Every structure is written in C-alpha cells, then in structure tokens.
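The values are calculated or read from the model by the stated rules, or taken from the named source; none is laboratory data. All values derive from a computational prediction rather than experimental measurement. Don't worry about glycine lacking a Cβ; one is built from the backbone with ideal geometry, like all the others, and counts go over all protein chains shown.
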C-alpha cells in the first residue's frame, strides 16, 4: 500500500539579514527535529522517495 507523509520543517530561526529561503533551523528546531526521525525509524516509516523544499530549514530538518 502506498503511504503519503506530509511533514513540516522544524522551528526555524530568523537571523538578521538572512534571506527567507536561507533561514536556518533555530535552537528549538535543532533540539526537537531528531524526534521525528527516531519515531519514523521505530515505526518502520522509511520513505522510498522524499521530495523536499530547497529552503535551508527544510533541508536541515
């Protein structure tokens, strides 16, 4: 069976002078984002394909 998983990026920061597309994860996002990875691994939710935004915060998540 096919499964579609839609995941948002983790909490991002907004450093002064940073372009919207280049906003990195903030401290909270860096701390919390590994949780979803652990959960997915524990539940056997390994995607065959991941389509990810080119925005920095999405790639870092």
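Below is a table of values for the structure above.
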| quantity | calculated |
| --- | --- |
| Enumeration of residues in segment 30-54 that are more than 28 Å from residue 1 (Cβ to Cβ) and modelled with pLDDT of 95 or more | 54 |
| Whichever residue in segment 4-19 is surrounded by 10 or more Cβ atoms within 10 Å (Cβ to Cβ) and within 13 Å of residue 61 (Cα to Cα) and, among such residues, is farthest from the chain's Cα centre (by Cα) | 13 |
| Residue list for segment 20-29, restricted to those being loosely packed, with under 12 Cβ neighbours inside 10 Å, touching a helix residue (DSSP H, G or I) at 6+ places or on another chain (Cβ under 9 Å) and over 24 Å from residue 47 (Cβ atoms) | 22 |
